[in-house]
1. In region 283-317, which residue that is part of a loop (DSSP other than H, G, I, E, B) and more than 32 Å from the chain's Cα centre (by Cα) is farthest from G352 (Cα to Cα)?
2. List pairs: first in region 170-184 and under 13 Å from A210 (Cβ atoms), second open to solvent by 50 Å² or more (accessible area, probe 1.4 Å) and part of a loop (DSSP other than H, G, I, E, B), Cβ under 7 Å, 6+ apart or cross-chain?
3. Can you pull out the residues in region 351-361 that are of a type in the set (G, A, S) and surrounded by fewer than 20 Cβ atoms within 10 Å (Cβ to Cβ)?
4. For L244, only one of the following conditions fails: (1) open to solvent by less than 20 Å² (accessible area, probe 1.4 Å); (2) over 26 Å from D182 (Cβ atoms). What is its number?
5. Please specify each residue of region 353-372 satisfying the condition of being out of contact with any Phe, Trp or Tyr (no Cβ under 7 Å at 6 or more places or on another chain) and under 21 Å from V333 (Cα atoms).
6. Based on this model, can you work out whether K112 counts as within 31 Å of the chain's Cα centre (by Cα) and among the charged types (D, E, K, R)?
7. Among the candidates A287, A277, which residue alone is open to solvent by less than 30 Å² (accessible area, probe 1.4 Å) and of a type in the set (G, A, S)?
8. Do you know which of the residues in region 362-389 that are surrounded by fewer than 17 Cβ atoms within 10 Å (Cβ to Cβ) and of a type in the set (S, T, N, Q) is farthest from the chain's Cα centre (by Cα)?
Amino acid sequence: MNNPTEQYKVIQQFTRQYAGEGNLEQARAAVSAITPVAKKGNAKAQYMLGKYYSWGFHDDCDNKKAIYWFEKAADKGNEKAAEALVNLYRYDFPDDEIEAQAKKAFVLKWHKRWIAILEEKATKGIAAAAQALMNLYANDCPDDIEPEEGVEIARKWYDRWIEILKAKADKGDMATKKKLADIFYYGTGVPDEVLELIEDDDDTSEDDAATLYSEVAVGENDAEGWCNLGQIYSQSEEGWQKSLDCYMKAAALGYNEAYRCVGGAYFEGRGVEKDLATAREWYRKGADAGDILAQLMLADCYKRGLGGEKDYTGAMELYRQIASRSDLRRKYVHELGTAQYEIGNMFMKGLGVETDLQQAYAWFRLAAGNGNLAAENALNSKKFRDFRI
């Protein structure tokens, strides 16, 4: 067949499903369609066949067939196939099927092949390959290399990754400039062990990040770029005014996080005279735009009467709004726990609501489950001894 792309999609979708949810007949038809393509040497088709046969939730699962097709694909330079072989030998073969030492040898063999494929691509200037090698040596080092040595090698591939990205950024690619700035400033995509080595070198990453964010912000009038540049300037008192100017530009472009950052500058008097009422208004703008941290800060202003009158009802409404969002558990678990703790605290102290120790205890337990230390301490109070199981 001339165009196997749709068949690849069918197999991809099938192998993403759990047992009983995929369409086996459609997958079998797709496998039949791409098998001739695989036999002619198409590495992508070979990899997809290996994936189909290695996926263990259907009647056609066959590790030997999976190995056959993965090996074909890996020999042609498909790094995903080499990775799949590493994991197949490592995890999918029972001990009574293959002797432990032989299994270890196979894992090492395909680990090395995986690395060799990525090295060839990284040498040719493919950034994703250099990044993959960095992560591989830092997080999944081959058995014949000590972890400490692996981290040192990972650092070398970090340097190659940055070299490739810089070459692309120097040609004016704004997306790559932003990616580089995020790497330099936030360590985005860099393993912690490698970050430690980079920090030990005491290089000029923050200055590089500032230059790149400035180029992106000015060149693209990019709101996030302005806000990130503001974050860098905010690290020193000399940069507070520049920081506020950047936040204001980002806010003017409608960037949610910038509203909170402007509010923080007014709240603490960074680059502007301290003004709690103005800070409260900026926090309100951020909260209305859905910024979780702005909502917490506005709720705190309401609860403590900062920048205006106390408003326990408004504070409780904001805390409940945050606490009701189950989607926060990954990125904002700390903020979720804080909101849950504050609700419990308001019930315990009767702030804007009737005192209700049972409600307080329930909310403290939720907050403690999300790592809130204040809630854990509160649960040990004698007030709650009757609610403990």
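The values are calculated or read from the model by the stated rules, or taken from the named source; none is laboratory data. Quantities reported herein were computed from a predicted structural model and do not represent experimental measurements. Heads up, the Cβs are rebuilt from the backbone with ideal geometry, glycines too, and the neighbour counts pull from every protein chain shown. These area figures cover heavy atoms from the full protein model, side chains too; ligands, DNA and RNA do not enter into them. Shrake-Rupley method; radii C 1.70, N 1.55, O 1.52, S 1.80 Å.
1. Our first condition is that a residue be part of a loop (DSSP other than H, G, I, E, B); within region 283-317, this holds for 289-291, 305-311.
If we keep only those that are more than 32 Å from the chain's Cα centre (by Cα) as well, we get 305-311.
Numbers: G305: 13, L306: 16, G307: 19, G308: 16, E309: 13, K310: 10, D311: 8 Å.
Per the stated criteria, the residue is G307.
2. Qualifying pairs under 7 Å: D182/T188.
3. Residues of region 351-361 of a type in the set (G, A, S): 352, 360.
Hit for region 351-361 is G352, nothing else.
4. The number of the failed condition is (2).
5. A362, R365, L366, A368, G369, N370, G371
6. Details: within 31 Å of the chain's Cα centre (by Cα): yes; among the charged types (D, E, K, R): yes.
When the stated conditions are applied, K112 passes them.
7. On the way: A277 fails: open to solvent by less than 30 Å² (accessible area, probe 1.4 Å).
The match here is A287.
8. Here is the first cut: in region 362-389, the ones surrounded by fewer than 17 Cβ atoms within 10 Å (Cβ to Cβ) are 362, 369, 371, 373-374, 376-377, 380-383, 385-389.
Of the ones still in play, those that are also of a type in the set (S, T, N, Q) are 377, 380-381.
On the way: N377: 30, N380: 34, S381: 37 Å.
Here the answer is S381.
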